[in-house]
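Novice: Take a look at the following structure, please.
A short reminder: the numbers here are calculations on the coordinates, not readings from a lab. As the structure is a computational prediction, the values presented were derived from the model and not from experiment. Glycine gets a Cβ as well: all are built from the backbone with ideal geometry, and neighbour counts include every protein chain shown.
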Amino acid sequence: MKNSKLQTQHPKVRKWQCVANCGACCNLTPEDRPDLAEYLSSEELELYMSMVKEDGWCINYDQDTRKCQIYDNRPRFCRVQPDNFEDMYGVEAKEFNEFAIACCQQQISGVYGKDSEELERYDHAISDNPS
Ligand code: SF4
Ligand code: SF4
């Protein structure tokens with residue numbers, strides 16, 4: 001055994017976080033989210049559809065500041081937290097961080113592109129944020 005210390009270390013666990021100046025998840029284009037009806041109640045689905053502008057962005061999203069204008073009152077489906085993810089997607093609390101990180105990366109790639117500055121900033125923030 002060359003390095004017993006190394007072998008007893010736990011793998012690094014990444015912690016989800018949102019980054020400033022992103023807003024990718026506020027692009028609600030329904031065609032990009034074909035499974036909406038599987039995880040939203042009928043009331044939530046109705047609310048969701050009522051929030052989508054013609055260009056796909058949320059009516060509550062400020063494109064200049066890239067911020068939500070109703071942040072404290074945003075719907076449940078906008079809130080990235082373990083209890084919501086368990087309810088909506090059946091994701092166990094211990095899987096929350098990796099699942100939420102993957103959601104952000106997928107959404108940022110889809111909205112801004114795989115080579116975007118936004119994705120680079122996100123990946124950098126996550127790699128600097130072990131739990
Ligand atoms: S996609 Fe992720 S990082 Fe970007 S605004 Fe939404 S929660 Fe934040
Ligand atoms: S309500 Fe706010 S957080 Fe939710 S999609 Fe709209 S702008 Fe984004």
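Novice: Using only Cα atoms, tell me the angle between helix 117-127 and the longest principal axis of the chain; keep it within 0 to 90° and round to the nearest 10.
Specialist: Rounded to the nearest ten degrees, it is 40.
Novice: What's the extension gain from S50 to E86 if we count 0.36 nm per residue and subtract their Cα-Cα distance?
Specialist: Full extension from S50 to E86 adds 10.5 nm.
Novice: Write out the trypsin sites (Lys or Arg not before Pro) in segment 91-131 meeting two conditions: DSSP loop, and at most 14 other Cβ atoms within 10 Å of their Cβ.
Specialist: In loop regions of segment 91-131 (DSSP not H, G, I, E or B), the sparsely surrounded trypsin sites (Lys or Arg not before Pro) are K114.
Novice: In addition: Convert each backbone phi in segment 54-67 into a coupling constant with the Karplus relation 6.51 cos²θ - 1.76 cosθ + 1.60 (shift: θ = phi - 60°), then list the ³J(HN,Hα) values in order as whole Hz, x for Gly and Pro.
Specialist: 4, 7, x, 7, 5, 5, 8, 9, 9, 5, 6, 8, 6, 10
Novice: Could I ask something else about it? Give me a comma-separated list of calculated 3J(HN,Hα) values for segment 21-37, in order, Karplus coefficients 6.51, -1.76, 1.60 applied at θ = phi - 60°, integers in Hz, x for any Gly or Pro.
Specialist: These are the phi-based 3J(HN,Hα) values: 6, 10, x, 4, 6, 8, 8, 9, 2, x, 4, 7, 10, x, 9, 3, 5 Hz.
Novice: Skipping prolines and chain starts, which residues have an amide H placed within reach, meaning under 5 Å, of the one on Q17, given they are 5 or more residues away or on another chain?
Specialist: For Q17, no residues qualify.
Novice: Starting from the 7 Å offset along Cα-to-Cβ, what nm value, one decimal, do you get for the label separation of Y39 and R79?
Specialist: 1.6
Novice: Just need the relative contact order of segment 14-127 here, percent rounded to a whole number, with Cα pairs under 8 Å and 6+ apart.
Specialist: Over segment 14-127, the number comes to 35 percent.
Novice: Can you work out the Karplus-derived ³J(HN,Hα) for every residue in segment 81-98? Use 6.51 cos²θ - 1.76 cosθ + 1.60 with θ = phi - 60°, whole Hz, and x for glycine or proline.
Specialist: 8, x, 5, 5, 5, 5, 5, 7, 10, x, 8, 5, 3, 5, 9, 4, 4, 5
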